[in-house]
Each structure stands twice: as C-alpha cells, then as structure tokens.
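Engineer: Please read through the structure below; I'll follow up with questions.
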Amino acid sequence: MRPEPIDHAPRQAFPWALLRQRWADLTFLHWPVAPALVAPLLPAGTRPDTLAGVSYVGLIGFRMVGLGFGRGPGVPYFGTFWETNVRLYSVDEAGRRAVVFRSLDASRLVPVLVARATLGLPYLWSSMRLDRDGDRRTYRCRRRWPGPAGTTSRMVVRVGERIVDPTPLEHFVTARWGLHTRAYGRTLHLPNWHPSWPLHRAELLHLDDELVAAAGLPAPVGPPVSVLYSPGVGVRFGPPVAARPRGAGPPEAQ
C-alpha cells in the first residue's frame, strides 16, 4: 500500500487518549541515510520511509512535561523529565508513516522502566540538562543505565526565525503521527496527535555526540541537513494497534 500523505495538521484519528503530555524546547537535527542501511534496524512489517529516495536519522533533544494517563493529570515529579532520542522513519503495510526509536535517553528512571516493560521502547536512564542563554540552547546527556554507560551527547543551537512555510523535508521529519515498536511478539503502531508544529530554523553551534553511533548507526559525517527548533506542543497518544501485514484484515486493537 502507498504511504499515506504527509499531513502537517491532521485531525485526531483515535477516539480516546491513552497518554497525554507536552513536548517543550525541542531541537531537531537530521542527517540523510541510505534506506538499505537502516532497513534491518526497523520492526518486522515496516520499511524505511523516504523522501526523494532518501531516509533520515534524527537526534532530538527536548523536555517532557506533565506525562499522564487518559484524562487524568500529569504524574507528579516522574511525569516531567528531559529526553534525547535517536530516531528513524518508517512506513508499515497499511501505509502509516511513523518513527522508530533506536534509543530514548530520559532523566527519570521510573518512566524508563515502565516504557521498556509495557511497549518495548528502548528507553535508557541518563543524566541530562538544558541550559538557556537568550536564543542559545545547550543540551547535555550522559547515559547511566543500561548502557553503554558513559555515552554522552552535547549540542548547542541558536534559535532563529519562525518558519512560515516549511519545506518538504521539514514536513517529512516533523509531521509524524505515530510510532512503530516491537512488543508482545508483534509490531505495534501507537498513534499520536498534536497541533501543527510552531517551528523555527536554528543554527548548530556545536555538536559532540555519541548517541547516534551507540544506537547502531554510522556516526554523523558533516553538518546536519536540517536544524529546527520548536517551543513545543501538547500531545495525545491513542491506544496501540497491530501493524497490518499486506492482505490481512483490520488491525487488532490491543
């Protein structure tokens, strides 16, 4: 099945929210990568999503705020933390575009343990911080557990002008309305929804990163082809559904 269109502002496609949260102070760095290189790293039933024949690897730092369940309030203390993730881009046999996380470093241990146990997501416990100085943002990460312990990342960006009309690449790497993960012996699609991104272009001032290589990908060579910043959005996640193999019936709700 052909991939669904890249929609920068879709309607919420699920009837109720399993999780609610806010993503704040996000920086997105992206490099091109050959689809054949990342295909073995994706869950069964998915393939690399591409733009003009090229796929991408992303390094994203941000603050998770007020993570909570359903209509309830955010979980005190444990629901707010820093995160840095390494991600790839996927599409399944139903045409659903999504992200696949190769690693998700987070600064709270309890959410790490819960996400690993329930959805098989590769969360790792790390020491993290973000420093703000005017239009400058500095993200720091040092991995604690499960490893490789001591893996670090430091990126410094300067936030630029608001983007009025995002490019196709900027849409491709940010307009993502779900994730694919392997759990319970099957590949799952976990849909999400949020308002259209408020995006700014940004300038990368410094990068010293070991997370991409630790995630099983070639270390980035040269500057990223896209550097973006967003002050953030509120996000809802719907219940996961099984990724649908070609010719199968409707996906089974989990």
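The values are calculated or read from the model by the stated rules, or taken from the named source; none is laboratory data. It should be emphasised that the depicted structure is a prediction, and the values quoted were computed from it without experimental measurement. As a convention, Cβ positions derive from the backbone with ideal geometry for all residues, glycine included, and neighbour counts pool all protein chains shown. Note: areas computed on protein heavy atoms with side chains; ligands, DNA, RNA excluded. Shrake-Rupley method; radii C 1.70, N 1.55, O 1.52, S 1.80 Å.
Engineer: Would you tally the net charge around LEU104, using a Cβ to Cβ cut-off of less than 12 Å, leaving LEU104 out, and scoring K and R as +1, D and E as -1? Numbers along the way, then the final one.
Structural biologist: Numbers: positive: ARG87, ARG102, ARG108, ARG116, ARG143; negative: GLU83, ASP105.
My count for the surroundings of LEU104 gives +3.
Engineer: Moving on to the next point. If we restrict to alpha carbons, what Rg and Dmax does the chain come to, in Å?
Structural biologist: Expressed in Å, the Cα Rg and Dmax of the chain come to 17.1, 54.
Engineer: Round to a whole number: what % of the accessible area of the chain belongs to carbon and sulfur, probe 1.4 Å? Walk me through the intermediate numbers first.
Structural biologist: Working: 6580 of 11650 Å².
Result for the chain: 56 percent of the exposed heavy-atom area is carbon or sulfur.
Engineer: Determine the distance separating the Cα centre of the range 94-165 from the Cα centre of the range 3-19; give it in Å without decimals.
Structural biologist: Using only Cα atoms, the two centres lie 23 Å from each other.
Engineer: Keeping all protein chains in place, calculate the accessible area per residue for the chain (probe 1.4 angstrom), answer in Å². Write down the numbers at each step before the final one.
Structural biologist: Working: 11650 Å² over 254 residues.
Roughly 46 Å² per residue, with all protein chains present.
Engineer: Let me ask you something else. Can you give the Rg to Rh ratio for the range 28-80, taking only C-alpha atoms and Rh from Kirkwood? Provide the component values of the computation, followed by the final result.
Structural biologist: Working: Rg = 16.7 Å, Rh = 13.9 Å.
Rounded to two decimals, Rg/Rh equals 1.20.
Engineer: Is it possible to state the helix-based mean residue ellipticity at 222 nm for the chain, with each DSSP H run of 4+ residues giving -39500 (n - 2.57), the sum divided by total residues, to the nearest 500 deg cm²/dmol? What is it? Mind dumping the intermediate values first?
Structural biologist: Details: 4 runs with 26 residues, N = 254.
The per-residue figure over the chain is -2500 deg cm²/dmol.
Engineer: If we sort 199-207, 7-15, 120-128 on the protection proxy, mean other Cβ atoms within 10 Å, highest first, what's the order? Intermediate results must be reported in sequence, preceding the final value.
Structural biologist: On the way: 199-207: 15.8, 7-15: 11.7, 120-128: 20.3.
Ranked by mean Cβ neighbours within 10 Å, highest first: 120-128, 199-207, 7-15.
Engineer: A further question follows. The range 68-202: Rg/Rh from Cα coordinates, Kirkwood Rh? Can you show the working numbers first?
Structural biologist: Values: Rg = 16.4 Å, Rh = 16.9 Å.
We get a ratio of 0.97 for the range 68-202.
Engineer: Please list 3J(HN,Hα) in residue order for the range 229-236, calculated via the Karplus relation 6.51 cos²θ - 1.76 cosθ + 1.60 where θ = phi - 60°; whole Hz, with x for glycine and proline.
Structural biologist: So the J values, rounded to whole Hz, are 9, 9, x, x, 8, x, 10, 10.
Engineer: Another one. Each residue of the range 73-84 in turn: what ³J(HN,Hα) in whole Hz from Karplus with 6.51, -1.76, 1.60 and θ = phi - 60°, glycine and Pro shown as x?
Structural biologist: x, x, 5, x, 6, 5, x, 10, 6, 8, 9, 10
Engineer: I need the phi-derived Karplus couplings for the range 159-164: 6.51 cos²θ - 1.76 cosθ + 1.60, θ = phi - 60°, integer Hz, Gly and Pro marked x.
Structural biologist: Taking θ as phi minus 60°, the curve returns 6, x, 6, 5, 8, 8 Hz for the range 159-164.
Engineer: With contacts defined as alpha carbon pairs under 8 Å and 6 or more residues apart, what's the relative contact order of the range 101-254 in percent? Show your work: numbers first, answer last.
Structural biologist: On the way: 279 pairs, mean separation 30.3, N = 154.
Relative contact order here is 20 percent.
Engineer: Please compute the net charge surrounding VAL156, taking Lys and Arg as +1 and Asp and Glu as -1 over other residues with Cβ under 10 Å from its Cβ. Intermediate results must be reported in sequence, preceding the final value.
Structural biologist: Numbers: positive: ARG136, ARG137, ARG140, ARG154, ARG158; negative: ASP131, ASP133, GLU203, ASP208.
Around VAL156, the surrounding residues sum to +1.
Engineer: Report, in debye and to the nearest 20, how large the dipole of the chain comes out about its Cα centre when Lys and Arg carry +1 and Asp and Glu carry -1 on their Cβ. Numbers along the way, then the final one.
Structural biologist: Numbers: 31 positive and 19 negative charges, 129 e Å.
With only Lys, Arg, Asp and Glu charged at Cβ, the dipole is about 620 debye.
Engineer: Report the relative contact order of the range 1-155, percent, no decimals, based on alpha-carbon pairs under 8 angstrom and at least 6 residues apart.
Structural biologist: Values: 315 pairs, mean separation 27.0, N = 155.
This gives 17 percent for the range 1-155.
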